[in-house]
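Only the coordinates and a few stated rules stand behind these numbers; no lab work does. Keep in mind the model is a prediction, meaning the values are calculated, not measured. Virtual Cβ from ideal backbone geometry, glycine too; neighbours counted across all protein chains shown.
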Amino acid sequence: MFKAYAFLSLAIVAEVIATLALSRSHNLTRALPTAITVVGYIICFACLSVTMRDLPTGIVYAIWSGCGIVLISMIAWIWFGQGLDTPALCGIGLILAGVVVINAFSKVGGH
């Protein structure tokens, strides 16, 4: 089970890096950000495929997308000064709470 969550963590990190690079690629016209985007998404989906051998698809996708949303939003807020208002912060908090509930209480995830 540790292996599945390790690969899921790698998938999340790779997706966040790829998405940050995508935002800097200027419609895929800048070579380095575009290359980082492509490589990042390849790593991400390869890691997700390994994760899905041991965990249900729905659980994997919920954790992956939820953590990705939270991390991208926080990085964009802190590094790029992209503001988040109170409703956005509340929504992100609910997403994070959902990920915690899945990991802490769901028996479907193999706990």
| request: Scan region 48-60 for residues that are among the hydrophobic types (A, V, I, L, M, F, W, C) and farther than 23 Å from residue 74 by Cα and jot them down. | output: 50, 52, 55
| query | (1) under 19 Å from residue 3 (Cα atoms); (2) polar (S, T, N, Q); (3) surrounded by 13 or more Cβ atoms within 10 Å (Cβ to Cβ): which one isn't true of residue 49, the others all being true? | reply | (3)
| message | Tally up the residues in region 23-57 that are touching a helix residue (DSSP H, G or I) at 6+ places or on another chain (Cβ under 7 Å) and over 21 Å from residue 103 (Cα atoms), please. | response | 9
| task | Name every residue in region 1-27 that is of a type outside the set (Ser, Thr, Tyr) and either farther than 19 Å from residue 72 by Cα or in contact (Cβ under 8 Å) with a residue 60 or more places away in the chain (or both), in order of residue number. | result | 1, 2, 3, 4, 6
| task | Name the helices (runs of 4 or more DSSP H) wholly inside the chain in which the number of residues that are acidic (Asp, Glu) is 1 or more. | result | 2-23
